[in-house]
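Beneath this line is the structure, given in structure tokens, with notes to follow.
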Amino acid sequence: MAVRRLNELRTGDRAIIERVQGMGRFRHRLMEMGFVPGTEIVVEKHAPLKDPIEYVLKGYHVSLRHEEAEKVLVRKTEEESRED
């Protein structure tokens, strides 16, 4: 299972957060919202123009811009990887 960027996942994909890149306020804000290594995240839906993208983690919905999601590295769950 390769590590990929969160913005590369499709609607319905499940993954585990591996790392949040970036520095300062942005990274700190994501970590406060629950984007921490080991957390499962699901791609809920993409906006009509593909930006922003809605995710579900720790029981709540959060939307990130494409360039923000690019900084979150994830590993698709085994269940999803078998379907590819």
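Read the figures in this text as sums done on the coordinates, not as results from a lab. Being a predicted model, the structure only gives us computed values, none of them experimental. Quick reminder, even Gly has a Cβ in these numbers, built from the backbone with ideal geometry, and neighbours come from all protein chains shown.
Couple of notes before you dig in:
- Cα-based shape type of the chain, given that a ≥ b ≥ c are square roots of the gyration tensor eigenvalues and the cut on a/c is 1.5: oblate
- All aspartates and glutamates inside 19 Å of K76 as judged from Cα atoms, apart from same-chain residues fewer than 8 positions distant: E8, D13, E18, E40, E44, E54, E68, D84
- Selection from A47, N7, G24 lying farthest towards where the dipole of the chain points positive, charges on Cβ: G24
- When each of the peptides 66-74, 52-60 is scored by the mean number of other C-beta atoms lying within 10 Å of its residues, the order from highest to lowest reads 66-74, 52-60.
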